[in-house]
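None of the figures in this text is laboratory data; all of them are computed from the coordinates on show. Fair warning: this is a prediction, and the values are worked out from it, not measured in the lab. Glycine also receives a Cβ, built like all others from the backbone with ideal geometry; neighbour counts cover every protein chain displayed.
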Amino acid sequence: RHVMNELIDTEQAYVSELQQILKGYYQEMDSRHMQHLIPGELVGKRHVLFGNLEEIFNFHNDVFLQELQNCRDMPGRVGKCFVNRKDEFQMYSSYCQNKPRSEALRAHIGDSNPFFKECQKKLGHKLPLGAYLLKPVQRITKYQLLLKEMLRFSGDDPVLENHIQDALDTMLGVLRYLNDSMHQVSIVGFNENMSEQGRLLMHASFSVWTDHKKEKLKDLRLRAMNRHVFLYEKSLLFCKKREESQHDGAVYSFKKKLKLSQVGLTETVKGDKRRFELWLRSREEVYIIQAPTLEVKDTWVKEIKKVLLNQFDQLKGKKIF
Amino acid sequence: MSMRDVKLCLLGDSGVGKSSLVMRFVTDSFKPALESTIGASFMTKTVEVDGNTYKFQIWDTAGQEKYRALAPMYYRGAAAAIIAYDVTRESSFKSVKSWVQELRHQGHPNIVLAIAGNKCDLEDLREVRLKDAEDYAKQIDALFCETSALTAVNVADIFTKICKKLPSEDFSSSRVGSTVNLRKKRDVKKEKKCCGGSPS
């Protein structure tokens with residue numbers, strides 16, 4: 001089965017490329033002959049440059065490659081390889097979350113500094129380190145393509161098909177998690193566990209007014225605040241956008257969390273069509289949220305309603321749709 | 001003669017033929033059902049334009065189309081991007097617009113954008129009018145070509161046009177404190193139309 005072979009061959013190539021990078025750059029940072037070439041800004045920043053690349057390499061080299069090779073002649077077992085290692089693949093999210101820092105560092109010291117140049121020459125690489133540091137991101141997104149391809153060729157064997165479908169679902173889940181975690185990386189000051197908030201559904205910027213019945217003086221705000229709102233399956237986070245100069249991603253500081261199991265929604269609010277309200281404890285605390293456009297408001301109201309309805313159905317113990 | 005590295009990334013919906021375009025450009029071949037899903041994770045190709053040598057590093061983004069938060073890792077630091085769509089699929093053209101917005105927002109300010117309407121050999125299945133795409137490209141100051149990785153129409157062209165439109169200095173290696181040469185960029189703007197109508 002050629003897809004199976006491609007999976008294993010490319011896995012082998014991937015492992016060997018990671019090894020080259022670790023030997024040819026990572027370990028060279030310890031080499032005495034190279035010390036004079038290492039740019040000052042890089043000293044002590046190896047973990048920023050490489051993230052957890054070593055951990056990824058060890059997993060693929062010691063575990064995953066072997067497991068795949070063991071089922072070269074038994075494609076029926078390959079699906080299990082992915083499903084069983086679901087948790088290990090989460091290590092890619094640390095790698096991706098660190099990537100912007102690593103890129104900023106590389107941009108700072110430049111790709112053509114003598115240390116990188118010398119390492120690249122020794123390795124005989126045509127491409128600079130930056131290209132190789134992207135490999136893990138490329139690799140993790142490729143498994144699903146290979147699995148889809150396998151699925152196309154397994155039509156006549158329902159057992160095999162099931163196994164591969166499971167593997168595909170696993171890897172798509174890994175990617176979804178990875179993708180979501182890239183948004184989360186930029187929220188600072190939120191001390192709870194992100195994964196407990198559920199999946200990130202949408203996020204956008206709004207003008208927000210708050211009204212607090214009990215602590216009127218303290219929390220009553222007449223002026224609107226600009227807030228970037230993240231809607232998760234379980235909660236809603238109000239954050240303040242902070243521009244970050246280091247790299248081009250924006251950073252958000254966490255301000256307030258609303259548990260969706262406790263909020264009420266009022267779809268129309270007088271004053272402006274683009275507004276809607278969220279409130280807690282029979283309107284003791286009210287958040288008036290104004291979207292930039294009516295379209296944005298409508299999508300948000302629809303999505304929040306869907307989440308609330310879902311909760312309601314789960315409480316009742318049955319699903320309507 | 002100068003030699004410069006050009007990091008380029010290919011974006012666009014899955015199935016529009018990104019990998020095929022790269023294959024055609026780099027090895028001048030076409031594989032009907034790309035038997036390899038992955039291929040190389042990046043390819044290089046050197047071309048000569050107006051006496052200058054350009055070494056393209058092309059980053060394969062296949063597989064990450066739906067995971068938009070991962071995309072910046074590919075296009076950050078890229079000097080050029082080709083955003084491909086499939087002329088027989090209107091929805092893929094819509095995605096072009098969202099990519100353009102994102103790149104204008106998040107990409108390098110001098111990034112050269114090129115839009116490629118691929119599969120232009122499939123004239124009778126066409127859903128996206130040449131004129132519409134052309135007008136859109138003009139409006140956002142992007143290069144534009146309809147291409148066919150199958151018949152090779154315009155594939156090399158689009159890369160040549162990119163070379164010509166690159167700002168004169170190599171900004172990828174002089175990012176810190178570089179002067180942004182705006183004049184050059186304006187001067188080179190559209191020179192000629194690239195492909196008119198169907199080739200077949």
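Worth pointing out:
- Dipole of the stretch A:47-143, positive direction: furthest Cα of A:N84, A:S102, A:N113, with charges on the beta-carbon: A:N113
- Theoretical ellipticity at 222 nm over chain A - DSSP helices of four or more residues, -39500 (n - 2.57) apiece, nearest 500: -15000 deg cm²/dmol
- The charge dipole of the stretch A:1-77, taken about the Cα centre with unit charges on the Cβ atoms of Lys, Arg (+1) and Asp, Glu (-1), comes to about 100 debye, rounded to the nearest 20.
- Since only B:Y67, B:Y85, B:G117 are under comparison, the one whose Cα sits farthest along the positive direction of the charge dipole of the stretch B:64-117, derived from C-beta charges on Lys, Arg, Asp and Glu, is B:Y67.
- Given charges at Cβ of Lys, Arg, Asp, Glu: the stretch A:1-76 dipole, positive-most of A:S31, A:Q19, A:L49: A:S31
- Averaging Cα coordinates gives a centre for the stretch A:146-190 and one for the stretch B:119-171; these two points are 33 Å apart.
- In degrees, nearest ten, helix A:2-21 long axis to first principal axis of chain A (Cα): 90
- Simple point charges give the picture: +1 on the Cβ of Lys and Arg, -1 on the Cβ of Asp and Glu, and for the protein assembly as shown a dipole about the Cα centre of about 2140 debye.
- Charged-residue dipole, Cβ positions (Lys, Arg, Asp, Glu), the stretch A:187-317 about Cα centre, Debye nearest 20: 480
- Enclosed volume per residue, in Å³, of the convex hull spanned by Cα atoms of chain A: 183
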